[in-house]
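Novice: This is the structure, below, for whatever I ask next.
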Amino acid sequence: WLAARRLDRRLREVSLTSDPISGPKTILTEQKIGPLPAIDKALGGANSSVAKLIEQSGVETTPSAVVILCLLVAIVMAVVGLVVSHRLVVALVAAVMGGVIPIFWLKHKRTARMKKFEEQFPDALDLLSRALRAGHAFQTAMGMVADELPAPVGIEFKKAFEQQNFGLPLREVLDLLGERVPLLDVKFFSTAVTIQRETGGNLAEILDTLAHVVRERFKILRQVR
């Protein structure tokens, strides 16, 4: 029963679904259903900017839930502004400011999560390199990163590992990783792995060099910040 539950959870995370727009079956991440599915669809579903912001921030919510929260905060701020100042203009300004607070909060969460990923990424590259030197396949090495490293690196590599298990080509897996984690270091990683797959070479040495560059770059950025 426990094995069946784990399998069902994995199938929900990365499942074979039919896209109503494109028609044919593709490997897609299951979209979470919010309190108002109509709003989710109106915003563009999983391809909307709000949905991408939510995914990059790592917050467990949906676009429709964010819209509802924005409206609620805007109403509360408008009422507070009207009660305090007794002026409609102040209430409108307060409503606008309150309406964007949840969006700014999501952007703050995304920034913090990207910084943490940037800090952990060299460790992921080192682990990939060691696994390749030990004779493991690249897909197995990604699974090891997913199991041994904490969030957010472990979570993102787990998604990539599961997508590969369900048959998605490595190039597309790396492209999706770059969309979820829009960092320059991840683009370098994706490009390096893709070129090595096409032209050959020692991927372990490439990852060692990239890990050193990323680690030094992070030190410089941390000093600047």
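Novice: Only residues that are over 17 Å from Ala131 (Cβ atoms), open to solvent by 30 Å² or more (accessible area, probe 1.4 Å) and more than 20 Å from the chain's Cα centre (by Cα): list them for segment 176-200, please.
Specialist: Answer for segment 176-200, where residues must be over 17 Å from Ala131 (Cβ atoms), open to solvent by 30 Å² or more (accessible area, probe 1.4 Å) and more than 20 Å from the chain's Cα centre (by Cα): Ile195, Glu198, Thr199, Gly200.
Novice: Only one of Glu172, Glu205 is over 29 Å from Val59 (Cβ atoms) and among the acidic types (Asp, Glu); which?
Specialist: Glu205
Novice: Next up: Are there any pairs with C-beta distances below 6 angstrom linking a residue in segment 146-175 that is open to solvent by 10 Å² or more (accessible area, probe 1.4 Å) to a residue that is among the polar types (S, T, N, Q), with the two at least 6 apart or on different chains, and if so which?
Specialist: Close Cβ pairs satisfying both conditions: Gln164/Gln139; Arg171/Thr194.
The values are calculated or read from the model by the stated rules, or taken from the named source; none is laboratory data. Please read all numbers here as calculations on a predicted model, not as lab measurements. When we count neighbours, we look across all protein chains shown, and the Cβ atoms used for this are built from the backbone with ideal geometry, even at glycine. Please note that ligands, DNA and RNA were not included when accessible areas were found on the heavy atoms of the full protein model with its side chains. Shrake-Rupley method; radii C 1.70, N 1.55, O 1.52, S 1.80 Å.
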